[in-house]
Each structure stands twice: as structure tokens, then as C-alpha cells.
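*Asks:* My questions will all concern the structure given below.
Please treat every number below as a calculation from the coordinates, not as lab data. Predicted model, so just to flag it, every value in this text is computed and none were measured. Cβ atoms come from the backbone with ideal geometry, glycine included; neighbour counts cover every protein chain shown.
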Amino acid sequence: MIHILPVCFCIAVLASISFSQNRTPENIQQPGQGMNVLVFSKTLGFYHGSKPNAIKALYEIAHGKKWQVTFTEDSTFFTDKELSKYNAVVFLLTTGNDLLNEDEKRALQHYVEGGGGFVGVHTATDTEFKWPWYEKLVGAYFIGHPPVHEARLIIEKRDHPATRCFGADTLKWKDEFYSFDRNPRMNSNVNVLASVDEKSYNIDENPWFKNVNIVMGDHPLIWCQHIGRGRSFHTALGHMPELYDNEMFRNHLIGAILWAAAKAEAK
Ligand SMILES: [Zn+2]
């Protein structure tokens, strides 16, 4: 049994304010400067060994971008008042049900529908299976996966802030490729940004989910949608520790967070 202790540590990396009248490249604001991000990584189901790497990556991203970021596994952050401070909330390698109590769930719904940003990374679809609004937020639920494989990613929309980093229509990508209980493309509100070519890896090698058909055919992995006045982004990528040191993947996360926070343009 894995015991999870509430963890909260806040890292404030605030941009220095320049009052200079001379707009040199150094003091022109970067897109997203002044961002405040809440990263929630509570785990009640499968624990990913890559979680420390994922937290380190987001810390380094925040430091480099002069964002303020708060990492926590403490669900009491989910109040209307506290969430109102953040441009985006990231569910980072969360798993399990009832991570949030009923009041905290309502606060996340108010936050997103009122204009907040949500980003789910890798296991966000393996989270909160019994919460209907969350099902809408993430767009689908995880049902299983084969072992880690290298496969062909198809970048369907290359002009989105979270996919420009891939720099090609297709590329080889090594990861644990989740299958889902539905095709999110069937929801007209969902914008599918990337999918995986099931013919490029052995999806039938399925030792842990033997009685589940994880073949989807059309198999989206990355998508986004508007929820009320807010934005929700989902990426199924991000299983292995080394991915969080991969510059392309880090830029994917940066673009996702900026888009969710409505701080980056997307066509
Ligand atoms: Zn995984």
C-alpha cells in the first residue's frame, strides 16, 4: 500500500519589474510572464515513478519563464478563493477517485467554467472515474495500455501552441500509449491535436488488461476543448522519467499550460 502524505511547497519565481523607458529585448515581457500555476499531483491509484521528474521539469520551466508555481497534493487548495489566484491548474500524474471532496469538486468546476485553465498530464484520464463533470473536463477515461513502445505520432494540428514543438506532421515517440473508453473526436466540442498510429506499435501486447479491448482504430492522444468560459487541455504523453528532460516534451507542456491559461494564441 502506498501512503501519500500531503505535500505542499510553494516556489515563487517572480519577474522583476523594470521601470526603464528603454525597451531593450531584456525587458520586453515574454508571453505568459506573470503566470501563476497550481500543480496538483495527488495519487491514490497507480504511482508513477516519473512524478519527481515531472515536478522538477515544471519547476525548471517556471523558473525559466518567471512563472509562479505551487506544487501540492493537498486538496484543500481547491476553494473558490484560492483557485482564483491561478491562471491554470495542472493535474500532474494524478490517479484514483475522490482526490477532491464534494466542495473541492464544486470549486474546480466553478474555476474552469468561470474562465480558468486546466491541463491534464498522462494519467488525468485515470482519475475521478465517478465524477460526471470531470468526465466532461478530460473528455474520456483511460481503459488500458500495452507496455512502453515506440510508435508513430500523427500531429493533426501543427499550429497549436502545444504542438508547434513537434515540428513535423508525424514523428516517432516512445511512451506508454493509453487507450480510452471513447473516441473524444466524436464530441464536436473537442479539438483533437494529435493521435497515434495503432499499426505502428503492438497494441495487442496487453498483459495487464487482458479482458479489455484497447484497440480504438482512430486513436487520439492529445486534445483540447472549451468548458464554459474556461479551457481544458489533455495530453496522454508523459509516462517515463526521461521524457521530462526532453526539450520537445517540455515545450509541449509549456504550450499546453499557456493555451489553457489563454496566454497563447491558437488557431
Ligand atoms: Zn504511465
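*Asks:* In segment 35-134, what chymotrypsin sites (Phe, Trp or Tyr not before Pro) fall in a loop by DSSP, with at most 15 other Cβ atoms inside 10 Å? Walk me through the numbers before you get to the answer.
*Replies:* Details: sites: PHE40, PHE46, TYR47, TYR59, TRP67, PHE71, PHE77, PHE78, TYR86, PHE91, TYR111, PHE118, PHE129, TRP133, TYR134; in loops: PHE46, TYR47, TRP67, PHE78, TYR86, PHE129.
Counting only loop positions with at most 15 other Cβ atoms within 10 Å, the chymotrypsin sites (Phe, Trp or Tyr not before Pro) in segment 35-134 are PHE46, TYR47, PHE129.
*Asks:* Kindly flag which residue pairs out of LYS172/LYS199; LYS85/LYS136; LYS85/LYS157 have an alpha-carbon separation exceeding 20 Å in this structure. If you can, show how the numbers build up before the last one.
*Replies:* Working: LYS172/LYS199 13 Å; LYS85/LYS136 24 Å; LYS85/LYS157 31 Å.
Over 20 Å Cα-Cα: LYS85/LYS136; LYS85/LYS157.
*Asks:* Using modelled amide H (1.01 Å from N, peptide plane; none on Pro or chain starts), what sits under 5 Å from the amide H of PHE71, excluding residues fewer than 5 places away?
*Replies:* Residues meeting the criterion, in which the H sits 1.01 Å from N, are PHE9, ILE11, VAL39.
*Asks:* Now for a separate question. For Cα pairs less than 8 Å apart in space and 6+ apart in sequence, what is the mean separation divided by the residue count of the chain, i.e. the relative contact order in percent?
*Replies:* Numbers: 579 pairs, mean separation 55.4, N = 267.
Result for the chain is 21 percent.
*Asks:* Given R₀ = 22 Å, what would the calculated FRET efficiency be for VAL215 paired with MET248, taking r from the Cβ atoms and rounding to 0.05? Let's see the in-between values first.
*Replies:* On the way: r = 27 Å, r/R0 = 1.24.
E(calc), rounded to 0.05, equals 0.20.
*Asks:* Something else about it: I want to check the label-to-label distance for LYS130 and PHE46. Put each point 7 Å from Cα in the C-beta direction and report it in nm to one decimal.
*Replies:* The two pseudo-label positions are separated by 2.1 nm.
*Asks:* Determine the gain in length on full extension of the stretch ASN187-GLU205; use 0.36 nm per residue of separation and subtract their C-alpha separation, reporting nm with one decimal. Kindly include the intermediate steps, with their values, before the conclusion.
*Replies:* Details: separation 18, 0.36 × 18 = 6.48 nm, distance 2.86 nm.
So the chain would gain 3.6 nm between ASN187 and GLU205.
*Asks:* Once amide H atoms are built 1.01 Å from N in the peptide plane, which residues 5 or more positions from GLY144, or in another chain, come under 5 Å H to H?
*Replies:* Close amide H contacts, sequence-distant or interchain: SER179.
*Asks:* Grab the beta carbon distance between ASP103 and VAL148, set R0 = 41 Å, and tell me the FRET efficiency rounded to 0.05.
*Replies:* Numbers: r = 38 Å, r/R0 = 0.93.
Calculated transfer efficiency: 0.60.
*Asks:* Using modelled amide H (1.01 Å from N, peptide plane; none on Pro or chain starts), what sits under 5 Å from the amide H of GLY238, excluding residues fewer than 5 places away?
*Replies:* For GLY238, whose amide H was placed from the backbone, the distant partners under 5 Å are GLU176.
*Asks:* Let's test the formula: R0 of 45 Å, r as the Cβ-Cβ distance of GLN33 and THR170. What FRET efficiency results, to the nearest 0.05?
*Replies:* 0.85
*Asks:* Which percent, nearest 5, of DSSP beta bridges in segment 33-260 are antiparallel?
*Replies:* Taking every DSSP beta bridge within segment 33-260, about 50 percent pair in antiparallel fashion.
*Asks:* Which helices count as membrane-span-like in the chain under these terms: full DSSP H, at least 15 Å along the axis by C-alpha, Kyte-Doolittle mean of 0.5 or more?
*Replies:* 247-260
*Asks:* If I histogram all Cα-Cα distances within the chain using bins 10 Å wide from 0, what percent of pairs lands in each bin?
*Replies:* Each 10 Å bin holds this share of Cα pairs: 7, 31, 38, 19, 5, 1, 0.
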